[in-house]
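To keep things clear, I will list the structure first and then write my remarks on it.
The values are calculated or read from the model by the stated rules, or taken from the named source; none is laboratory data. It should be emphasised that the depicted structure is a prediction, and the values quoted were computed from it without experimental measurement. Ideal geometry is used to build each Cβ from the backbone, glycine not excepted, and the neighbour counts take in all protein chains shown. Accessible surface is based on the protein model in full, side chains and every heavy atom, while ligands, DNA and RNA are left aside. Shrake-Rupley method; radii C 1.70, N 1.55, O 1.52, S 1.80 Å.
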Amino acid sequence: MSDLTQLTISQARAKLRSREITATEITEAYLSAIERANPALNAYVVVTDDRARDMAKASDAKLAKGEGGSLEGIPLGIKDLFGTEGVHTQACSHVLDGFKPRYESTITANLWADGAVMLGKLNMDEFAMGSSNETSYYGPVINPWRRSRLDTVVMPTTHQGEGGFVSAGGTRTARTLDNAQLVPGGSSGGSASAVSAFLCAGATATDTGGSIRQPAAFTGTVGIKPTYGRCSRWGIVAFASSLDQAGPIARDVRDAAILLKSMASVDPKDTTSVDLPVPDYEAAIGRPIKGMKVGIPKEYRVDDMPAEIEALWQKGIAWLRDAGAEIVDISLPHTKYALPAYYIVAPAEASSNLARYDGVRYGLRVPGKDIVDMYENTRAAGFGREVKRRIMIGTYVLSAGYYDAYYLQAQKVRTLIKRDFENVFAAGVDVILTPATPSAAFGIADEDMAADPVKMYLNDIFTVTVNMAGLPGIAVPAGLDAKGLPLGLQLIGRPFDEETLFQTAHVIEQAAGTLQPEKWW
Amino acid sequence: MSVDIKTVKRVAHLARIAVSEEDAERMTGELNAILGFVEQLNEVDVSGVEPMTSVTPMAMKKRQDGVTDGGKAADIVANAPATEENFFLVPKVVE
């Protein structure tokens, strides 16, 4: 293969082990792809080329001796939320200007221990707050996917159309790409864009309300948010600690399984890390789903949902039924309250977690007439609008006199949301199938969303329930809409049953195929 | 419930974020939109429901009460905007 960036992780792994390619070659291929594409896509905020070359060289030395870990020589992108020792780590915020941690997050340490190569730090919404990657201090990330129009062109029958078909009648169909720039989703927009555009073999990401699954759906990639407690949160910049969970974004289901196996661990440094061995997720791929009970929740059929999303959902149901699964209608009655409860719990936790950015210990400092003035000026200059908005909401709902009405009520509703899931799992449902997002990717600087923050929040309507209940969820590409944009389906599993998600997502992938954007950058 | 501009300024001060008159005005609208959206939670009957404290039914792990780390003052102040001899420097807080 001429372009090494086209290899999936599993393909690259085989070629690296057989010495058909070297880690240095594949790393160089990615570094030049990034150099060419990043000015257009803005997926990376920092490229660690020297470190990447050093790591690749070390991998090659190991591979030459027939040694090396499960990801030896595989080049990855790292979301800017992960602490990476001596390397830019700013959660894409101005307030963390110049911050280079003196420690390595547990997840990235796991990846490096398994031989992965770091290409750089990936763009994201500031402090992971956003659904379009437009709140980053480093500017928006661009989706490698663009809308397209299907044209039928009458051609002389001898014409050999470029990328089109020559039909007997002398017409051909061709997709014409629209120039409008689209968002990759958020908050892990840099991760999704980079994976989709072949700027890394896979990427780390995090998901507090949908930040892995929504961008994966918008870019035709696979993203899994594992069960809360499966991946250590140690060394990841905290947003909402009871909801945050890291996971991978990858080009196919197998690659996501390979990455999660390395990222997940039992970590004494995170008290919420669960003492359960990490299974071999890859082994679940290819297992038949005959007899599996798949739940279809009626509450996910929301008003104004495009007909295409409903059709995609039906297609997913048919694929799983054809593979021998039993489809059952289920009810998760508190679904509609998940998003409002989230917009109390997440800002409340964020307001507390982000109190540490005070201009004293790290990052930006803007002077003031006294220390309080210095705090206020630093935080006013350092945080963007969305982050301020959420800190303000969080501070308000936790302030004296409002705690019971807002925070306590939301945490009670959260118990009910979790109970809904427990009830359907207790009734024998193995996995739940839903759409991943209520729409395909939308335009940069969408006016409706800019005018009304709640409209932007509605992007997470299908994903946020999973965070509220701490469950695992995977987004897998399921097809293109009429404008040629990818759409995804979501599978929700029992706690710590990521294996069933990989197993079932693979069935969808087999039916839908993997998706690749047409290159314009 | 909704907030007025006076409340927004008070909350901004509690959150230690300086706001201009214009910021406060804009935020009042935005915060009220969000508070209006979360209002629907009041419809839910939560009588007898325990608030969630942990999504995984597990007791928080406890480690031995022993020193496991330390001696890294230089690392700890390495990223601070102003330091002197491994101390963080802040504007004068006592007269």
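Among the conditions (1) under 20 Å from the mean Cα position of the chain (by Cα); (2) among the acidic types (Asp, Glu); (3) at pLDDT below 95, B:Asp23 misses just one, which is (3).
Within region A:241-287, being open to solvent by less than 10 Å² (accessible area, probe 1.4 Å) and either without any contact (Cβ under 8 Å) to a residue 24 or more places away in the chain or hydroxyl-bearing (Ser, Thr, Tyr) (or both) holds for A:Ser262, A:Ser273, A:Tyr281. Among the residues of region A:392-418, those identified as at the interface with chain B (Cβ under 7 Å from one of its Cβ atoms), open to solvent by less than 40 Å² (accessible area, probe 1.4 Å) and touching a Pro at 6+ places or on another chain (Cβ under 7 Å) are A:Ile393, A:Gln411, A:Thr415. Restricting attention to region A:439-494, report how many residues are free of Cβ contacts under 8 Å to residues at least 12 places away in the same chain and of a type in the set (S, T, N, Q). Summing the residues that are free of Cβ contacts under 8 Å to residues at least 12 places away in the same chain and of a type in the set (S, T, N, Q) in region A:439-494 gives 0. Being more than 8 Å from chain B (Cβ to nearest Cβ), buried (at least 24 other Cβ atoms within 10 Å of the Cβ) and in a helix (DSSP H, G or I): is that true of A:Arg379 here? No: the conditions fail for A:Arg379. Inside region B:43-71, residues that are loosely packed, with under 12 Cβ neighbours inside 10 Å, at the interface with another protein chain (Cβ under 7 Å from one of its Cβ atoms) and of a type outside the set (Lys, Arg) make up a count of 2. Condition test on A:Pro215, is it away from every other protein chain (no Cβ under 14 Å), buried (at least 24 other Cβ atoms within 10 Å of the Cβ) and closer than 22 Å to A:Thr135 by Cβ? Spelling it out, A:Pro215 is indeed away from every other protein chain (no Cβ under 14 Å), buried (at least 24 other Cβ atoms within 10 Å of the Cβ) and closer than 22 Å to A:Thr135 by Cβ.
For (1) free of Cβ contacts under 8 Å to residues at least 60 places away in the same chain; (2) surrounded by 15 or more Cβ atoms within 10 Å (Cβ to Cβ); (3) of a type in the set (A, V, I, L, M, F, W, C), each residue gets a yes or a no:
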| residue | (1), (2), (3) |
| --- | --- |
| A:Leu31 | no, yes, yes |
| A:Ala37 | no, yes, yes |
| A:Asp50 | yes, no, no |
| A:Met55 | no, yes, yes |
| A:Lys62 | yes, yes, no |
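Being surrounded by 24 or more Cβ atoms within 10 Å (Cβ to Cβ), closer than 17 Å to A:Gly130 by Cα and in contact with a helix residue (DSSP H, G or I) (Cβ under 8 Å, 6 or more places away or on another chain) is a property that does not hold for A:Thr504.
Is it the case that some residue within region A:229-240 is among the hydroxyl-bearing types (Ser, Thr, Tyr), open to solvent by less than 10 Å² (accessible area, probe 1.4 Å) and either more than 14 Å from chain B (Cβ to nearest Cβ) or part of a strand (DSSP E or B) (or both)? No: zero hits.
Of all the residues in region A:111-125, those that are open to solvent by 10 Å² or more (accessible area, probe 1.4 Å) and either in a loop (DSSP other than H, G, I, E, B) or not aromatic (Phe, Trp, Tyr) (or both) number 2. Which of the following residues is touching a Gly at 6+ places or on another chain (Cβ under 8 Å), surrounded by 20 or more Cβ atoms within 10 Å (Cβ to Cβ) and hydroxyl-bearing (Ser, Thr, Tyr): A:Thr84, A:Thr108? Exactly one residue qualifies, and that residue is A:Thr108.
Table: residues versus (1) within 29 Å of A:Ala283 (Cβ to Cβ); (2) under 16 Å from the mean Cα position of the chain (by Cα).
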{"position": "A:Leu416", "(1), (2)": "no, no"}
{"position": "A:Ala451", "(1), (2)": "no, no"}
{"position": "A:Ala469", "(1), (2)": "yes, no"}
{"position": "A:Val476", "(1), (2)": "yes, yes"}
{"position": "A:Leu491", "(1), (2)": "yes, yes"}
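Checking each residue in region A:326-348 for being surrounded by fewer than 23 Cβ atoms within 10 Å (Cβ to Cβ), more than 8 Å from chain B (Cβ to nearest Cβ) and either over 27 Å from A:Val464 (Cα atoms) or not aliphatic (A, V, I, L, M) (or both) picks out A:Glu326, A:Asp329, A:Ser331, A:Pro333, A:Thr335. Annotation: of all residues in region A:1-28 being touching a Lys or Arg at 6+ places or on another chain (Cβ under 8 Å) and not in a helix (DSSP H, G or I), the one that is farthest from A:Leu515 (Cα to Cα) is A:Ile21.
On the basis of being farther than 14 Å from A:Gly120 by Cβ and among the charged types (D, E, K, R), does A:Asp97 make the cut? So A:Asp97 fits the description; yes. Is it the case, given these coordinates, that B:Glu39 is surrounded by fewer than 17 Cβ atoms within 10 Å (Cβ to Cβ) and either more than 7 Å from chain A (Cβ to nearest Cβ) or farther than 30 Å from A:Pro268 by Cβ (or both)? For B:Glu39, the condition - surrounded by fewer than 17 Cβ atoms within 10 Å (Cβ to Cβ) and either more than 7 Å from chain A (Cβ to nearest Cβ) or farther than 30 Å from A:Pro268 by Cβ (or both) - is met. Pairing residues of region A:122-137 that are hydroxyl-bearing (Ser, Thr, Tyr) with residues that are surrounded by fewer than 24 Cβ atoms within 10 Å (Cβ to Cβ), at Cβ distances under 6 Å and at least 6 apart in sequence or on separate chains, gives A:Ser131/A:Met456; A:Thr135/A:Gly384; A:Thr135/A:Glu386; A:Tyr137/A:His94. Screening B:Leu14 on (1) at the interface with another protein chain (Cβ under 7 Å from one of its Cβ atoms); (2) open to solvent by 30 Å² or more (accessible area, probe 1.4 Å); (3) more than 30 Å from A:Gln411 (Cβ to Cβ); (4) not aromatic (Phe, Trp, Tyr) shows it passes everything except condition (3). In region A:349-362, the residue that is surrounded by the fewest Cβ atoms within 10 Å (Cβ to Cβ) out of those that are aliphatic (A, V, I, L, M) and either more than 23 Å from the chain's Cα centre (by Cα) or not in a helix (DSSP H, G or I) (or both) is A:Ala355. Could you look through region B:24-35, keep only residues that are facing another protein chain (nearest Cβ under 8 Å) and open to solvent by 10 Å² or more (accessible area, probe 1.4 Å), and pick out the one that is farthest from A:Ile391 (Cα to Cα)? Result: B:Ala33.
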